[in-house]
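Written out below as structure tokens is the structure these notes cover.
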Amino acid sequence: MDTLHTDNLHAINQLCFQHEATLVAVSKTKPVSLLQEAYEAGVRDFGENKAQELQAKQPELPDDIRWHMIGHLQRNKVKYIAPFVHLIHSIDSLRLLKEVNKRAKNEDRTINVLLQMHIAEEDTKFGLDQAELKELLESEAYAQMEHIKVCGLMGMATFTEDEAQLRREFQSLKRTFDDTKANYFADEDHFKELSMGMSGDYTIALEEGSTMIRIGSLIFGSRDNH
Ligand SMILES: *Cc1c(COP(=O)(O)O)cnc(C)c1O
């Protein structure tokens, strides 16, 4: 049964307040009734990892929710979320960013994005490495984009209980964030978000400089039926 874990929600909110970080409640696979309950408990930032699920839930819930796309995004799905998405955390290629810019232009709006970095020592598929990040930010195509705003970086650490390793991975992302800000966004205060930390590692992520944590199972219960 799906229930809202109110005690966890309050504890996490408290910690976010202390660190001046934003909690994104990751509601993927959960019914809108449970999201509504979280909304009534004060949550305004919701994260989903599938474009069509995001598109289906958005009209069912209050208008002042900020919807975050946190999962891998295919270019042909951008159109489903372009009209309303608040922040896309998972930009992992110039091609995807181009499509977001195009769809944002069609909607006559600017879409906020984070660039997803590959930080895990384990071999996962998604995210940019340092060279790709540099190439993207120095490309002519990026310079021409008028309908996206790069607000920071996102990363997912290795799925491990090894605290030293998690800390190392988050520190490495924080360094990349600071360097990128200094080199490319020194005069732009919108480059300020560092999205890192999930249910298993968010306390470490906050200690290492996260400004945005993405928490699912601690708030909404496990998704082991999926
Ligand atoms: C599912 C998901 C989360 C939340 O995971 P939990 O361990 O349930 O907190 C965070 N980030 C991304 C990208 C996810 O897909």
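Taken together, the values in this text are just the output of simple stated rules run on the coordinates, not laboratory data. Bear in mind that the values here come from a model prediction, so they are computed numbers and not experimental data. Note: ideal-geometry Cβ built from the backbone for every residue, glycine included; neighbour counts use all protein chains shown.
Tabulated data
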| read-out | value |
| --- | --- |
| Segments classed as helices (runs of 4 or more DSSP H), wholly inside the range 139-226, with at least 3 members that are within 13 Å of the ligand (Cβ to nearest atom) and closer than 15 Å to L23 by Cα | 202-207, 217-220 |
| Near pairs, Cβ below 8 angstrom, 6+ apart or cross-chain, from the range 9-29 (under 21 Å from E53 (Cβ atoms) and charged (D, E, K, R)) to any residue that is assigned to a helix (DSSP H, G or I) and within 15 Å of the ligand (Cβ to nearest atom) | K28/E53 |
| Test: residue in the range 64-84 that is touching a residue at least 60 places away in the same chain (Cβ under 8 Å) and under 22 Å from H147 (Cα atoms) | yes |
| Counted residues, the range 1-12 - those being in a helix (DSSP H, G or I), touching a Phe, Trp or Tyr at 6+ places or on another chain (Cβ under 9 Å) and surrounded by fewer than 20 Cβ atoms within 10 Å (Cβ to Cβ) | 0 |
| Which numbered condition V100 fails, given (1) over 14 Å from M154 (Cβ atoms); (2) within 16 Å of the ligand (Cβ to nearest atom); (3) surrounded by 19 or more Cβ atoms within 10 Å (Cβ to Cβ) | (2) |
| Any hit, the range 152-162, residues being hydrophobic (A, V, I, L, M, F, W, C), over 16 Å from R214 (Cβ atoms) and touching a strand residue (DSSP E or B) at 6+ places or on another chain (Cβ under 7 Å) | no |
| The range 105-129 - residue that is over 24 Å from I215 (Cα atoms) and in contact with a helix residue (DSSP H, G or I) (Cβ under 9 Å, 6 or more places away or on another chain) and, of those, nearest to the ligand (Cβ to nearest atom) | T110 |
| Search result, residues across the range 185-226 that are of a type in the set (V, I, T) and closer than 15 Å to L115 by Cβ | T211 |
